[in-house]
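Here's the structure we're looking at; comments come further down.
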Amino acid sequence: MAVATLGILGGVFDPPHVGHVALAQAAIAELGLERLLVLVVADPGHKRATTPASTRLELARLAFEEIPDAEVELDHHARTVDSLEARRAEGAVFVLGADELADFPGWKSPERVLELVCLAVAMRPGVSADSVRETRARLSAPERVSFFELEPVAVSSSLVRERVAQGEPIDDLVSRSVAEAIARLGLYAPAE
């Protein structure tokens with residue numbers, strides 16, 4: 001895979017957590033990226049967001065503010081291929097976790113995604129390397145998929161939402177600025 005200077009990390013980020021930030025930092029370091037574009041999907045086609053896009057954008061900006069090479073933008077495209085087509089992101093590398101690669105063949109136009117960008121897949125414990133290799137081998141352009149290591153971070157957006165709803169601390173799951181914003185905005189708390 002050719003060296004890319006631009007990485008793209010997309011997601012719902014509802015909310016963004018320390019695992020997302022660790023993925024971004026590892027991608028920049030491991031792939032030698034000059035810039036990482038973090039795209040907050042406004043209206044995701046594959047899952048429901050619990051908070052408005054503008055709120056998730058604010059949280060993502062707070063989460064990634066300490067990474068100087070990261071830029072956070074709102075993405076109005078529900079599908080990755082449409083976003084990449086609109087951005088003319090040829091030559092970029094799209095960053096995703098190994099667990100997401102298993103779903104990649106079911107994305108809208110995965111072959112076109114691979115024409116537009118290379119995939120950089122973060123490998124982490126808990127995801128079978130054999131299944132990841134099998135998925136890669138079934139793709140139309142497996143040579144456009146590379147791997148890098150990521151230290152495991154036991155966190156998910158759903159875990160953050162659950163803890164907030166239960167009144168439990170989230171300081172170990174999100175940055176301080178994100179935790180403060182969640183509290184200030186009253187996000188993820190149970191309805192009264």
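Where a number appears in this text, it was derived from the coordinates with a stated rule and is not lab data. Only a predicted model underlies this, so the values are computations on that prediction, with no experimental measurement involved. For neighbour counting, all protein chains shown are included, and Cβ atoms are generated from backbone atoms with ideal geometry for every residue, glycine included.
Some notes on this structure:
- Here the spin labels are modelled as points 7 Å beyond Cα on the Cα-Cβ line, and at F148 and E30 they lie 0.7 nm apart.
- Principal semi-axes of the equivalent ellipsoid, √(5λ) from the alpha carbon gyration tensor of segment 44-99, are 19, 17, 12 Å from largest down.
- Annotation for segment 32-56 versus segment 116-145: alpha-carbon center distance of 22 Å.
- CD proxy at 222 nm, helix term only [per DSSP H run n ≥ 4: -39500 (n - 2.57); per residue of the chain; nearest 500]: -11000 deg cm²/dmol
- Relative intensity of segment 146-190 on a log10 scale, I(q)/I(0) at q = 0.15, 0.20, 0.28 Å⁻¹, equals -0.42, -0.63, -1.04, per a Debye sum over C-alpha point scatterers of equal strength in the absence of solvent.
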